[in-house]
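Single-structure report; data block below.
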Amino acid sequence: MRRLRRLAHLVLFCPFSKGLQGRLPGLRVRCIFLAWLGIFACSWLVYVHYSSYSERCRGHVCQVVICDQYRKGIISGSVCQDLCELHMVEWRTCLSAAPAQQVYSGLWRDKDVTIKCGIEETLDSKARSDAAPRRELVLFDKPTRGTSIKEFREMTLSFLKANMGDLPSLPALVGQVLLMADFNKDNRVSLAEAKSVWALLQRNEFLLLLSLQEKEHASRLLGYCGDLYLTEGVPHGAWHAAALPPLLRPLLPPALQGALQQWLGPAWPWRAKIAIGLLEFVEELFHGSYGTFYMCETTLANVGYTATYDFKMADLQQVAPEATVRRFLQGRRCEHSADCTYGRDCRAPCDRLMRQCKGDLIQPNLAKVCALLRGYLLPGAPADLREELGTQLRTCTTLSGLASQVEAHHSLVLSHLKTLLWKKISNTKYS
């Protein structure tokens, strides 16, 4: 009986033919070694995943620090009481990609929400007892006591001009900031309210959300406490492989990634509808009420959609005002164009004679989005549409960032693409 069990064990792990029986002892050792190697590799992956999770996901730290500042009267906001006293904000799944920016799905007043909070200072100081005071000094240091509302208005306007350019529409945006600061509608802005709003303005995504509040493709702001803020619930991801652990993504070959996208993602007509929304979002970023914005990390991981397949931008962290990008590039020393990169893919040419970055980007938003849509729309596209769609997307990806060419071709190419997709899905259940 013992021999039968041993033989079954060998057949299970090393199913070799009878002609190799003389080599079984050596092969068994090799199989055992490979099995232990596999167990070790799996254990290491699990360890790395959970250690990474504990490093990235520190929502409890964020809540402790924010509520500590709230109880001291340093900050204020529309969700502070629910977060810190009534405990009506429920933290659910951690979605953080980096420790500095905490992102969680959650529930607030029976609404699905996304909770976002930055904890750079707290993380830098680890578990030291002075973590909260240090955060207070660094983040909630402005405005100072004695600042008048007029001075705060001018201070906010100057900040917006520096980050978004000198636009005639900025005073209206300052009005929105002050209106939001007065969350309790008592017609005055307290020091705690002003400190909170000022800290929020330092968050790039918050500034973008505020600027794009009237646009249907950006998530709506629901409330804040200090520099923690809540937006509408997390949109569905357009690319399911983006939900895989970061260590496993590079292991997937491109063919398998494309197959996952088709098998697990929406049907092609729904993808076409999402793509139309993404193209409309590009339009909204181009010469909007508050200037032009650049998409500086164009990946499918940032593309989301609602339950009805309407496009929603999942992450605005890497969307930047034109003025901010130009200020970063202006006078920057370079040897090649890679030195002239803002974010992940907002790249300008390098003037090798002057060894300085130029102001115009190599690729505008539309060209980068079209390159993204080639892999998103062409697989599974209807046969009668695939050739023309491929041609238009290739034409679109050749657009350069030169202002003259963008002005001449941007709207025309974008309009043609939207029309082509819309004609295919109009008058169907997908429209």
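The values are calculated or read from the model by the stated rules, or taken from the named source; none is laboratory data. Just so it is clear, the model here is predicted, and its values are computed rather than measured. Don't worry about glycine lacking a Cβ; one is built from the backbone with ideal geometry, like all the others, and counts go over all protein chains shown. Ligands, DNA and RNA are excluded from the accessible area calculation, which covers all protein heavy atoms including side chains. Shrake-Rupley method; radii C 1.70, N 1.55, O 1.52, S 1.80 Å.
Below is a table of values for the structure above.
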quantity	calculated
Region 92-151: number of residues that are of a type in the set (A, V, I, L, M, F, W, C) and modelled with pLDDT under 85	12
Residue in region 158-181 that is without any contact (Cβ under 8 Å) to a residue 12 or more places away in the chain, out of contact with any helix residue (DSSP H, G or I) (no Cβ under 6 Å at 6 or more places or on another chain) and of a type in the set (Asp, Glu) present	yes
Residue within region 369-383 that is modelled with pLDDT of 90 or more and touching a Cys at 6+ places or on another chain (Cβ under 6 Å) present	yes
Exclusive hit being open to solvent by 40 Å² or more (accessible area, probe 1.4 Å), over 23 Å from the mean Cα position of the chain (by Cα) and of a type in the set (Gly, Ala, Ser), set 415, 426, 400	415
Region 139-182: number of residues that are more than 25 Å from the chain's Cα centre (by Cα) and in a helix (DSSP H, G or I)	18
Residue 408 vs. criteria surrounded by fewer than 17 Cβ atoms within 10 Å (Cβ to Cβ), under 30 Å from residue 158 (Cβ atoms), of a type in the set (A, V, I, L, M) and modelled with pLDDT under 90	no
Test: residue in region 364-385 that is open to solvent by less than 50 Å² (accessible area, probe 1.4 Å), assigned by the TED database to the domain that holds residue 279, within 24 Å of the chain's Cα centre (by Cα) and basic (Lys, Arg)	yes
Residue selected from region 322-353 under the condition in contact with a helix residue (DSSP H, G or I) (Cβ under 8 Å, 6 or more places away or on another chain) and of a type in the set (A, V, I, L, M), by the criterion surrounded by the fewest Cβ atoms within 10 Å (Cβ to Cβ)	323
Extreme residue, modelled with the highest pLDDT, among residues of region 232-284 that are within 20 Å of the chain's Cα centre (by Cα) and of a type in the set (Lys, Arg)	271
Residue within region 211-220 that is of a type in the set (A, V, I, L, M) and at pLDDT below 90 present	yes
Test set (1) modelled with pLDDT under 95; (2) hydroxyl-bearing (Ser, Thr, Tyr); (3) within 17 Å of the chain's Cα centre (by Cα) - residue 229 fails condition number	(1)
In region 77-101, the residues that are in a loop (DSSP other than H, G, I, E, B), within 14 Å of residue 61 (Cβ to Cβ) and among the hydrophobic types (A, V, I, L, M, F, W, C)	100
